[in-house]
Amino acid sequence: MDSFLRRLRPELSRTSVLTLAMTDLDDAALLAEQLRTMVSEHRFEHDGNEFSVTISQGLAECPVNDRTAEKLISAADRALYAAKAAGRNCVRTA
């Protein structure tokens, strides 16, 4: 997990986009839930302080939600806001 997060860290911000080729929405949701669980169960340490992190994820599928990047990201963004509205630390699909 540490090496996975270290590789992603330069790319991460408050919101990130990840594409999974040849993956349907159900399989992506399973993967997202596994990632969410791994992150929430991991204990991070910085300057001698241990802390935990949670993530909320919004998923959308192309071409179900649309073939244009803007509409696909918009659908995923709506799902992300639904995850946040549900109390955070969860996965929602468009």
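The values are calculated or read from the model by the stated rules, or taken from the named source; none is laboratory data. Quantities reported herein were computed from a predicted structural model and do not represent experimental measurements. Cβ coordinates were reconstructed from backbone atoms using ideal geometry, including for glycine residues, and neighbour counts include every protein chain displayed.
Which fully enclosed strands (runs of 3 or more DSSP E) of region 22-79 have 3 or more residues being over 13 Å from the mean Cα position of the chain (by Cα)?
Details: elements: 44-46, 49-51, 57-59.
Where strands (runs of 3 or more DSSP E) fall fully within region 22-79 and carry at least 3 residues being over 13 Å from the mean Cα position of the chain (by Cα), they are 44-46, 49-51.
Report yes if residue 15 is under 12 Å from the mean Cα position of the chain (by Cα) and modelled with pLDDT under 95, otherwise no.
Numbers: under 12 Å from the mean Cα position of the chain (by Cα): yes; modelled with pLDDT under 95: yes.
Spelling it out, residue 15 is indeed under 12 Å from the mean Cα position of the chain (by Cα) and modelled with pLDDT under 95.
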**OP:** Would you check if residue 93 is among the β-branched types (Val, Ile, Thr) and in contact with a Gly (Cβ under 9 Å, 6 or more places away or on another chain)?
**Re:** yes
Subject >> Checking residue 84 against (1) crowded, with 19+ Cβ neighbours inside 10 Å; (2) in a helix (DSSP H, G or I), the condition it does not meet >> reply: (1)
